[in-house]
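Report on the following structure.
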Amino acid sequence: MTLHIPRRLLDDIAAHASETYPEECCGFLVGSTGDDCTVQRVIRAKNVAPEPRTTRYTIDPLDIIVAEKKASTGGKVILGYYHSHPDHPCVPSEFDRSHAWPSYSYFIMRVFLGEPADFRSWRLTEEGVRFIQEDVQVE
Ligand SMILES: [Zn+2]
């Protein structure tokens, strides 16, 4: 699978990640499914994890309901989730793995000293045992 994302949406995620630094940001990747997934919209969510929110995120359940509604109204689906890793590599943590579901993309943006750095996207195996990196195509 390849995740396609327009440059301006990547910039939105990067901006969100900088704004919440040194806490993690989180949000939704919305788009259409097919042979490849194309992100057509990103929706910000609130990180409601208990403090410190520097190493984990929890999306407010109300945000999930709202995002699903916004996506389905436009005939789209939630393709996955994004979050940031402040001063940590863009590799999923054990917390990320244990809170993930198969069939979604998990996009991680690394922020280094407040500046967006690199990014990677991951998918959980069907058994939920581990993450596999997926290709990201910036358009
Ligand atoms: Zn994480």
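The values are calculated or read from the model by the stated rules, or taken from the named source; none is laboratory data. All figures in this text were calculated on a predicted structure; none of them were measured in a lab. Backbone-built Cβ (ideal geometry, glycine too); neighbour counts: all protein chains shown. Keep in mind that these areas ignore ligands, DNA and RNA; they rest on the heavy atoms of the full protein, side chains included. Shrake-Rupley method; radii C 1.70, N 1.55, O 1.52, S 1.80 Å.
List of remarks:
- Every listed requirement among (1) in contact with an Asp or Glu (Cβ under 9 Å, 6 or more places away or on another chain); (2) farther than 20 Å from Arg7 by Cβ; (3) more than 14 Å from the ligand (Cβ to nearest atom) is met by Pro52 save one, (3).
- Every listed requirement among (1) more than 16 Å from the ligand (Cβ to nearest atom); (2) modelled with pLDDT of 95 or more; (3) farther than 19 Å from Asp11 by Cβ; (4) in contact with a strand residue (DSSP E or B) (Cβ under 9 Å, 6 or more places away or on another chain) is met by Lys69 save one, (4).
- Picking from residues in the range 81-108 that are within 14 Å of Ile132 (Cα to Cα), open to solvent by less than 40 Å² (accessible area, probe 1.4 Å) and not in a loop (DSSP other than H, G, I, E, B), the one that is farthest from the ligand (Cβ to nearest atom) is Ser105.
- Contact map, the range 83-98: residues that are more than 20 Å from Glu126 (Cβ to Cβ) and of a type outside the set (Val, Ile, Thr) paired with residues that are more than 9 Å from the ligand (Cβ to nearest atom) and in a loop (DSSP other than H, G, I, E, B), Cβ distance under 6 Å, separation 6+ or inter-chain. Pairs shown: Ser84/Cys25; Pro86/Tyr21; Pro86/Pro22; Pro86/Thr54.
- Unique match (being under 22 Å from Pro6 (Cβ atoms), more than 15 Å from the ligand (Cβ to nearest atom) and surrounded by fewer than 15 Cβ atoms within 10 Å (Cβ to Cβ)) among Gly114, Gly75: Gly75
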